[in-house]
Amino acid sequence: CGVFGVFGHLEAASMSYYGLHALQHRGEESAGICVADGRDFNYHRGMGLVKEVFDKDKIASLVGDMSIGHVRYSTSGDSRLTNAQPLVFKYRDGDLAIATNGNIVNEPLIRKQLEQSGSIFQTTSDTEVLAHLIARSPKDFVEAAKDALKQLVGGFAFLLMTNDKLIVASDSHGLRPLVMGRIGDAYIFASESCALEVIGAQLVRDIEPGELLVLDKNGLLEDRFTEPKRKALCAMEYIYFSRPDSDMNGANLHTARKRMGSRMALEAFVDADLVTGVPDSSISAAIGFAEQTGIPYELGLIKNKYTGRTFIQPSQELREQGVKMKLSAVRSVVDGKRVVMIDDSIVRGTTSRRIVNLLREAGAVEVHVRITSPPFKNPCFYGIDTPDRRDLIASYKTIAEMCEEINADSLAFLSPEGLITSIGGHNKDDYKGGLCLSCFDNDYPTQVDFGGAEKDGC
Ligand code: 5GP
Ligand code: SF4
Ligand code: MG
């Protein structure tokens, strides 16, 4: 999911519209904006893309100088309007709105405890437990939020808003990205810096693990709700999820992906006539591979702009259909050629097989697949949609078997060291480069088994 917050700007709603539009790749299922005008909340949410959910009149009706917004994709397939965010609640004498990116791993346990002591839940969204924990506390909003956040285990970036306060928080490992920017006197918060750029705001910094920022009439208070633990920003954000024009932790995504491609060329060189990347996420890495090897980079694959990201469709059936609508091979480019095809990850193997076959049908004589991440063997518990372990092809097949399954002439994956070195940023001396690599190495930064039913994170 993607979150976007504004504090102190009368154009809060229209900024949110543009910001969320820039974060659209983070979730296409639903979108919502909630603004506060000092007295009341005004909000609108709907299913679909930002441009489908909002029009000029809707944005004009959202008057206020503080706002939080959200784009969603569900990690459990429970895709319905009641789970669209921001979630809005009656709280004491006013209102409370919450927008989340991430997943609370111990949510089933907390939910059960709350239900046993009388709470009634309106949604299956894991974000709702945070609202209940805050509402039950006798303390003031900020202290209640701190106490509540301390009880959560998982990977999350939260924006919380009351009628006169905005709270911004990141989990103790900083698993999900969240940045702060400024435009004039206003503060902007976004999952990725590309959403700052689009409204002309300047990137100030990343929100750190365990940090909690409070914005109100007194300005900005930089505080924390817990001590920071091992920094573990999601490596998949760099590999695949985020936009190449975003910067995270001091590293630009396009540049990091280019380094992944050139490192890939050093780790698993193969001679060929051309290099092509699977659009959009692997184009940067393909350019890096081409630069390193001197093999020309070509547009061997084209993406139809009018289809969304295939994995964001909740069911496997829709996903398969999505792949077919999405990509075409360029016959005049690949016909009779030995092709190196760069992709960011193999999850189920469906997409990769389909793309290799597209290239072969268009005349490619050899297709060598290079994946700029290590084999994806373990599910994510922190808000990135991954299937069960049994559907992760790398968890039950060897690389040779996967190569056969996807019908490639050769297949290689980037090493974890290669990945960490390529991402760079300013966390080089941190454990694993300050990254979460759990889906590759099974070394989760938090406890993940709470014995409950599966999550509905975001
Ligand atoms: P596959 O070959 O596993 O079907 O698809 C791999 C490609 O689709 C990769 O480019 C990957 O980025 C994307 N993808 C497909 N499904 C998922 C998913 O469930 N989660 C994530 N994170 N990426 C996916
Ligand atoms: Fe990201 Fe993988 Fe960690 Fe999930 S397990 S947060 S996808 S690196
Ligand atoms: Mg892809």
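With labels modelled as points extended 7 Å from the Cα through the Cβ direction, what inter-label distance (nm, one decimal) is found for Ile399 paired with Gln202?
It works out to 4.6 nm between the two label points.
Would you mind calculating the gained length between Lys150 and Leu109 on full extension (0.36 nm times residue separation, minus the Cα-Cα distance), in nm to one decimal?
That works out to 13.3 nm of additional length.
How many percent of DSSP beta bridges within the chain run antiparallel, rounded to 5?
About 80 percent, rounded to the nearest 5.
Within a 10 angstrom radius of the beta carbon, how do Thr100, Thr82, Thr293 rank from fewest other beta carbons to most?
Ranking Thr100, Thr82, Thr293 by Cβ neighbours within 10 Å, fewest first, gives Thr82, Thr293, Thr100.
Among 213-226, 125-138, what's the highest-first ranking by average C-beta atoms within 10 angstrom per residue?
Going from most to least packed, we get 125-138, 213-226.
Net charge within 10 Å of Ala329 by Cβ-Cβ distance, Lys/Arg positive one each and Asp/Glu negative one each, not counting Ala329 itself?
0
Counting other C-beta atoms within 10 Å, which of Tyr431, Tyr43 has the fewest, and how do the rest follow?
Starting with the residue having the fewest Cβ neighbours, the order is Tyr431, Tyr43.
With Cβ to Cβ distances under 10 Å as the rule, what net charge do the other residues near Leu20 carry (K, R +1; D, E -1)?
Taking every other residue near Leu20 into account, the sum is +2.
Along the three principal axes, how long is segment 328-458 when you take its alpha carbons, biggest first, rounded to the nearest angstrom?
52, 37, 27
Answer with one residue from Thr398, Ile283, Val448: the one whose Cα lies farthest towards the positive end of the charge dipole of the chain, charges on Cβ with Lys, Arg +1 and Asp, Glu -1.
Final value for the positive-end residue is Thr398.
In nm, to one decimal, how far is the Asn304 label point from the Val63 one, both placed 7 Å along Cα→Cβ?
Label-label distance for Asn304 and Val63, simple model: 4.4 nm.
Got a sec? How would Val448, Val35 order by Cβ neighbour count within 10 Å, fewest to most?
With the sparsest Cβ surroundings first, the list reads Val448, Val35.
Give the peptides 282-289, 60-67 in descending order of average Cβ contacts within 10 Å, highest first.
Peptide ranking by packing, descending: 282-289, 60-67.
Strictly greater than 40 Å: what percent of every Cα pair in the chain meets that?
That fraction is 18 percent.
Using the Cα centre as the reference, give the magnitude of the dipole from point charges on the C-beta atoms of the chain (Lys, Arg: +1; Asp, Glu: -1; all else neutral), rounded to the nearest 20 debye.
Using Cβ point charges on Lys, Arg, Asp and Glu, the chain gives about 400 debye.
Excluding His44 itself, what net charge comes from residues whose Cβ is under 11 Å from its Cβ, given Lys and Arg +1 and Asp and Glu -1?
Net local charge, His44 excluded: 0.
Checking the a/c ratio against 1.5 first, then a/b against b/c, what shape does the Cα gyration tensor give for segment 26-174?
It comes out oblate by the Cα gyration axes.
Sorted by mean Cβ packing within 10 Å, highest first, what order do the peptides 171-183, 269-281 take?
Descending mean neighbour count gives 171-183, 269-281.
Would you mind getting me the FRET efficiency between Asp140 and Glu227? Use the beta-carbon distance for r and R0 = 25 Å, nearest 0.05.
Approximately 0.70, to the nearest 0.05.
Only the coordinates and a few stated rules stand behind these numbers; no lab work does. Predicted model only: the values in this text are computed from it and were never measured. In this analysis, Cβ positions are derived from the backbone assuming ideal geometry, glycine residues included, and neighbour counts consider all displayed protein chains.
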